[in-house]
Amino acid sequence: MSFQYFTMSYLDSLTGHLMLVAYLLAVTDEQAVRRRLRKLPPLMLSPLIGCLISLGMDAAVPELKILRYFIFSVAVFILCTLWTMWTWQWDFWRAVSAAGMAAILQVASSALIQILFLIFPSGLQSDLIAMAVILLFSVIIAVLLKRFRFGVWFRLMLEDQAASRRTAVLILALEISMEAFLVLQNGVQGQYLAAYYMLVVVLVMVIIGLIVYLAHWIDDRRTLRMQQDMIAQQQLYEQSLEDIRREVRSFRHDYKNLLAGLAGQAVEGKPEVLRAALSELEIDFDRHLGEKIRLSVQIGNLCIPQIRSLLLSKLTEMKNKGVECRLEVIYPVENVYINVWDFVRCLGILADNAIEAALDTEQPWVEILLLAQEKQLSLQISNPYTNTVDPAKMWDDGWSTKGAGRGLGLSSYQRIVKNYSNISACTSWENGVFVQELTVEDRP
C-alpha cells in the first residue's frame, strides 16, 4: 500500500471525525464551543489508529471486507465515545448516546452527499474537494439542527438518568442499523442508488422525529410528576396551617390560666419571678407557634403554586436531613417573568446543590431569599461550603466536588439562563459561604 493511499485514507477518516464533532456540538446543544474544540487535538489520533487497524486487517484477512469494516467502525466508535466522555466529563452511557446520535446524523449526511455525487459526478472528482464539500455540508446541517433546537430535546433525554442506559442501547441499535444500510448499498443496482440513499435520509428523519417525540414524552411525564408533587405539597401546607390553628386554640385555652398566675405573682411583688415566667412564656410561644407562623407567612407570600410546592418539598427534605433552613420571602411573589417551569428547575437545581454542599459541614444550613420588587424578582441561595471552588470548572458538564459525572445540574441551569435575555446570574464564595444569585426582570 502506497504512502499516498494511506494519507488519503487518513484524511478521509479525519473528515468523518470532524463531521462527528460538528454533530456532537449540535446534539449536545453546546454553548461553549471554543472550550470543547480546545480538546480536539487528541481526537486526531483516532483516525490514525483506525487506519492502522484497517491496514493490519487488510494484510491479515484481505478477503473479509465486511469484517474489516465492522472492526474498524467499532474501534472508531469506542475511541470517539471515550473522547466524548473526556471532553464533556460525562458517564459512559450518556457519551454512548451522544456519539451514537452524532453517528446517525453522519450517516444521513453521507447519504445526501452520495446523492449529490450522483447528480454532479464530474464536479466532485477530486478527493480533497469531495472531503471539503462533505465537511461543509455537515457543518451546515449541524447549524440547522442547533437552530431548530434539536439539541435541547436530545439533552432533555440525556438528563433522564433513570433511563440513561435504555436510551444509549436504543440509539446504539439505531446507529448499527444505519451503518448496516450503508454496507448493503454495495448490493444495490446503480439506477436505484439515489432512491436507496433517499430512503436512508428518510429513516434518519424518522429517528430524529422519534427522539423529539420521546423527549416531549419525558418532559410531559416530568411536568405531570411535578404537578402531582405540587398537589401533595399543597395539602401538606394546608395541614400545617390546620396544625397552627389547633395550637392557637390550645394556647388561647391556657392563656387565661397563665395570666391569672402572672397576676398573682405581680400582686405578691415578685418581679424577678414574673420576668422569668414571661421569658419562659415567650420561649414556649416561639417554640410552638412563633416559628411556624413566621414560616407560614413566608410560604404564604409565594403566590405561584409551582414554586410554593417546590419549596415545601425542599423544606421537608432539609428537615429530614437535619439541615437548618432560613426562608425569607419578602413581599408576595406573583410573577417570575419567564416560563414558570424553567424557574422551578433553576430553583430546584440551586437548592439541591446548596443542600448537598451544606451536608459536608458541621452545622449545615441553607438560606433561601426571594425578593419581589417592581418588575423584578431576585433569588439568592446561600450555604456553608468547605471545599475550594474552581469557577472555571463549575459550569462544565459532570463537574462535581463528589467526582466526575455527577454534577449535571449546574450545566443545565446555565443552559436555561442562556435561553433568556432578561436573566442575570452570578456566583460568589467568601468566608466559607457559597452564594448563588439569580435575577429575572420583566421583559420590555
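Report yes if residue 139 is open to solvent by 20 Å² or more (accessible area, probe 1.4 Å), over 24 Å from residue 9 (Cα atoms) and either at pLDDT below 80 or assigned to a helix (DSSP H, G or I) (or both), otherwise no. Full working, then the answer.
On the way: open to solvent by 20 Å² or more (accessible area, probe 1.4 Å): yes; over 24 Å from residue 9 (Cα atoms): no; either at pLDDT below 80 or assigned to a helix (DSSP H, G or I) (or both): yes.
In short, no.
Taking region 370-413 only, how many residues are among the hydrophobic types (A, V, I, L, M, F, W, C), modelled with pLDDT of 70 or more and closer than 30 Å to residue 26 by Cβ? So that I can check it myself, show each step before the final result.
At the first step, the residues of region 370-413 found to be among the hydrophobic types (A, V, I, L, M, F, W, C) are 370-372, 377, 379, 381, 389, 392, 394-395, 399, 404, 408, 410.
From the residues that got through so far, the ones that are modelled with pLDDT of 70 or more too are 370-372, 377, 379, 381, 410.
From what is left, the residues that are closer than 30 Å to residue 26 by Cβ are 410.
Number of matching residues: 1.
For region 414-427: of the residues being within 21 Å of residue 335 (Cβ to Cβ) and assigned to a helix (DSSP H, G or I), which is modelled with the highest pLDDT? Talk me through it step by step, then tell me what you get.
Our first condition is that a residue be within 21 Å of residue 335 (Cβ to Cβ); within region 414-427, this holds for 416-417, 419-425.
Those still in the list that are assigned to a helix (DSSP H, G or I) too: 416-417.
On the way: 416: 82, 417: 85.
Ranking the qualifying residues of region 414-427, first place goes to 417.
Would you point out which residue out of 333, 366, 329 is surrounded by fewer than 21 Cβ atoms within 10 Å (Cβ to Cβ), in contact with a helix residue (DSSP H, G or I) (Cβ under 8 Å, 6 or more places away or on another chain) and touching a residue at least 24 places away in the same chain (Cβ under 8 Å)?
Among 333, 366, 329, only 333 is surrounded by fewer than 21 Cβ atoms within 10 Å (Cβ to Cβ), in contact with a helix residue (DSSP H, G or I) (Cβ under 8 Å, 6 or more places away or on another chain) and touching a residue at least 24 places away in the same chain (Cβ under 8 Å).
Looking at residue 308, is it among the basic types (Lys, Arg) and within 20 Å of residue 223 (Cα to Cα)?
For residue 308, the condition - among the basic types (Lys, Arg) and within 20 Å of residue 223 (Cα to Cα) - is met.
Just wondering, is there one or more residues in region 33-44 that are modelled with pLDDT of 80 or more, assigned to a helix (DSSP H, G or I) and more than 28 Å from the chain's Cα centre (by Cα)?
yes
If I ask for residues that are of a type in the set (Asp, Glu) and part of a loop (DSSP other than H, G, I, E, B), which ones from region 428-444 would you list?
Start the filter on region 428-444 by keeping residues that are of a type in the set (Asp, Glu), which leaves 430, 437, 441-442.
Within region 428-444, just 442 meets the criteria.
So that you can scan it fast, the table gives a plain yes or no per residue for (1) surrounded by fewer than 13 Cβ atoms within 10 Å (Cβ to Cβ); (2) modelled with pLDDT of 75 or more:
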{"site": "178", "(1), (2)": "no, yes"}
{"site": "187", "(1), (2)": "yes, no"}
{"site": "211", "(1), (2)": "no, yes"}
{"site": "214", "(1), (2)": "no, yes"}
{"site": "224", "(1), (2)": "yes, yes"}
{"site": "233", "(1), (2)": "no, no"}
{"site": "237", "(1), (2)": "no, no"}
{"site": "245", "(1), (2)": "yes, no"}
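Touching a Pro at 6+ places or on another chain (Cβ under 8 Å) and among the aliphatic types (A, V, I, L, M), is that true of residue 76?
yes
If I filter region 369-380 for residues that are assigned to a helix (DSSP H, G or I), of a type in the set (Asp, Glu), farther than 18 Å from residue 416 by Cβ and open to solvent by 60 Å² or more (accessible area, probe 1.4 Å), do I get at least one hit? Give the derivation first.
Step one: filter region 369-380 for residues assigned to a helix (DSSP H, G or I), giving none.
No, there is no match, as no residue in region 369-380 is assigned to a helix (DSSP H, G or I), of a type in the set (Asp, Glu), farther than 18 Å from residue 416 by Cβ and open to solvent by 60 Å² or more (accessible area, probe 1.4 Å).
Considering only region 93-108, state which residues are over 16 Å from residue 177 (Cβ atoms) and either touching a strand residue (DSSP E or B) at 6+ places or on another chain (Cβ under 8 Å) or surrounded by fewer than 24 Cβ atoms within 10 Å (Cβ to Cβ) (or both).
Hit for region 93-108 is 93, nothing else.
The values are calculated or read from the model by the stated rules, or taken from the named source; none is laboratory data. Since this is a predicted model, take the numbers as computed values, not measurements. FYI the Cβ positions are ideal-geometry reconstructions off the backbone, even for glycines, and counts take in every protein chain you see. Ligands, DNA and RNA are excluded from the accessible area calculation, which covers all protein heavy atoms including side chains. Shrake-Rupley method; radii C 1.70, N 1.55, O 1.52, S 1.80 Å.
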